[in-house]
1. Looking only at residues in segment 6-62 that are assigned to a loop (DSSP other than H, G, I, E, B) and basic (K, R), which one is surrounded by the most Cβ atoms within 10 Å (Cβ to Cβ)?
2. Could you say which residue among V172, V123 is outside the structural domain of Q245 (by TED's automatic domain parsing) and either surrounded by 14 or more Cβ atoms within 10 Å (Cβ to Cβ) or assigned to a helix (DSSP H, G or I) (or both)?
3. Could you grab me the full set of residues in segment 141-155 that are under 19 Å from F100 (Cα atoms) and either surrounded by fewer than 18 Cβ atoms within 10 Å (Cβ to Cβ) or outside the structural domain of A92 (by TED's automatic domain parsing) (or both)?
4. Taking the criterion of being surrounded by 11 or more Cβ atoms within 10 Å (Cβ to Cβ) and more than 26 Å from the chain's Cα centre (by Cα), would at least one residue in segment 194-203 satisfy it?
5. Considering only residues of segment 1-55 that are out of contact with any Asp or Glu (no Cβ under 6 Å at 6 or more places or on another chain) and among the basic types (K, R), which is farthest from D124 (Cα to Cα)?
6. If you scan segment 73-119, which residues turn out to be part of a strand (DSSP E or B) and either buried (at least 20 other Cβ atoms within 10 Å of the Cβ) or without any contact (Cβ under 8 Å) to a residue 24 or more places away in the chain (or both)?
Amino acid sequence: MKIAFIGAGRLATNLAPALQKGGAEVVEVWSHTRASALSLASKLDCAASWGRVETATKSADCYLLAVKDAVLKDVIARLHEGREKALLTHTAGSMPLSLFKDAGHARGAVFYPLQTFSKERQVDFSQVNFFLEATSHEDVEILRTLAERITLAENIHELSSAGRRHLHLAAVFACNFTNHCLALSEEILHSYHLPFKVMLPLVEETVKKLHVLSPHAAQTGPAIRGDKNVMGMQLSMLSDRPDLQQIYTLLSESIQHDRQ
């Protein structure tokens, strides 16, 4: 199966090399910009195209769409002509399978890896869960075979668009909001010239505990203890940052409410 990547951002930069290493045939990378397309294509030793998405190859069997959610519907519509029999597959957590039907494309699918990506660090896909959905059972199985090239069979799941929306919401709390809290921690540390790396053993142990405890059971800190003296002191320390006071209060109240 010949695969073309539509997009050359963080997800594609991780997923395309992993699939190729797993034996998949990646034939082209398309991106809005010449530099991005050529950068990833050079790593894969495959063709590159850029500019209007219609310029992407028409000879691929499967197109993996790794583009922003806001442009996904338009990209599908523009790719349809000349690729009517191809499997168009998006990789978004919160976008529905129905986008393909809305664009008049018969073979649509979702190939969603539940992971955070950056260009600076290559992800180990053997530990990544994939969530699949397609307009036909046959195409789900095609994607399952593709996923099995890079992850364990137990990490591959079939999930509806509604289920995937909730999965993505849970991931925002688990990953995006957590990372923002770490960024706020770094900001507080910076005021006393402390490097964020002093927090890494704490953060790593917090995650390791979750392999044996539920997040509910693993919760620690002044809020869960009901330590009003510490909480009051820390709120006063944030007197010059009412935004952080609000975050601190809301999170503390949520922790306490969780135990009622």
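The values are calculated or read from the model by the stated rules, or taken from the named source; none is laboratory data. Nothing here was measured: the structure is a model prediction, and the numbers come from that model. With ideal geometry, Cβ positions are generated from the backbone for all residues, glycine too; neighbour counts draw on all protein chains shown.
1. Step one: of segment 6-62, the residues assigned to a loop (DSSP other than H, G, I, E, B) are 7-9, 22-24, 32-33, 45-46, 51-52, 56-61.
Now narrow it down to the ones that are basic (K, R): 52, 58.
Values: R52: 10, K58: 13.
This residue is K58.
2. Working: V172 fails: outside the structural domain of Q245 (by TED's automatic domain parsing).
The conditions single out V123.
3. Filtering segment 141-155 down to residues under 19 Å from F100 (Cα atoms) leaves 141-143.
Hit for segment 141-155 is E141, nothing else.
4. The answer is yes; a qualifying residue exists.
5. R52
6. First, the residues of segment 73-119 that are part of a strand (DSSP E or B): 87-90, 108-114, 118.
Scanning segment 73-119 gives L87, L88, T89, H90, G108, A109, V110, F111, Y112, P113.
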